[in-house]
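Shown next, in structure tokens, is the structure this report addresses.
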Amino acid sequence: EGPGEDVPELPGLTFESKLALTYAQSFDVYRYGDGYSLIDVHDSARYLVVPEGKEVPEGLSEDVVVLQQPFDRIYLAATSAMSLFDALECLDRIRMTGTRESGWYIDHAVEAMERGDMIFAGKYSEPDYELLVGEGCDLAVESTMILPTPKVKEMIEELGIPVFID
């Protein structure tokens with residue numbers, strides 16, 4: 001943390017460090033005690049990642065989106081992120097996708113859909129809300145393409161599903 005930089009204060013949490021980013025410029029990650037992290041996506045939103053088994057701090061600003069771990073039933077509508085999940089070998093966290101099997105160029109995603117481990121839940125602008133709820137979706141990862149259709153984001157959030165815009 002350099003001199004003059006503002007560290008977001010979060011009630012009940014103690015700042016530990018800021019993630020050093022080599023190439024990324026449009027977000028910052030602040031680490032706090034007990035495994036909490038704040039992802040600040042510039043000009044967009046702030047997300048507090050709450051570790052599994054830990055409580056959401058009281059008195060958080062309303063603009064902070066809470067992401068309670070674990071995430072193992074993700075709706076991934078941001079197709080470009082699939083390659084990152086694949087590289088991290090955690091496609092098993094994605095249960096639903098906004099792209100049909102025929103639209104994937106990532107072999108592991110196609111294989112997961114063929115096995116039924118991953119299912120199509122409607123494209124980013126027209127998700128199957130009933131399926132998201134029925135499958136126990138715990139996080140929706142959307143691309144900025146959702147921004148012109150704010151009603152979709154609002155509806156997903158009304159269902160109690162946090163939305164992370166990539």
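The values are calculated or read from the model by the stated rules, or taken from the named source; none is laboratory data. Only a predicted model underlies this, so the values are computations on that prediction, with no experimental measurement involved. All Cβ positions, even for glycine, are placed from backbone atoms using ideal geometry, and neighbour counts span all protein chains on display. Note: accessible area is taken over every heavy atom of the protein model, side chains too, but ligands, DNA and RNA are not part of it. Shrake-Rupley method; radii C 1.70, N 1.55, O 1.52, S 1.80 Å.
Data table
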| read-out | value |
| --- | --- |
| Area accessible to solvent at residue 145, 1.4 Å probe radius, in Å² | 110 Å² |
| Within the chain, helix-based [θ] at 222 nm, where runs of 4 or more DSSP H residues each add -39,500 (n - 2.57), nearest 500 | -4500 deg cm²/dmol |
| Dipole magnitude of the chain about its Cα centre (Cβ charges: Lys, Arg +1; Asp, Glu -1), debye to nearest 20 | 280 debye |
| Debye intensity ratio I(q)/I(0), log10, the chain, q values 0.13, 0.18 Å⁻¹ (C-alpha model) | -0.68, -1.20 |
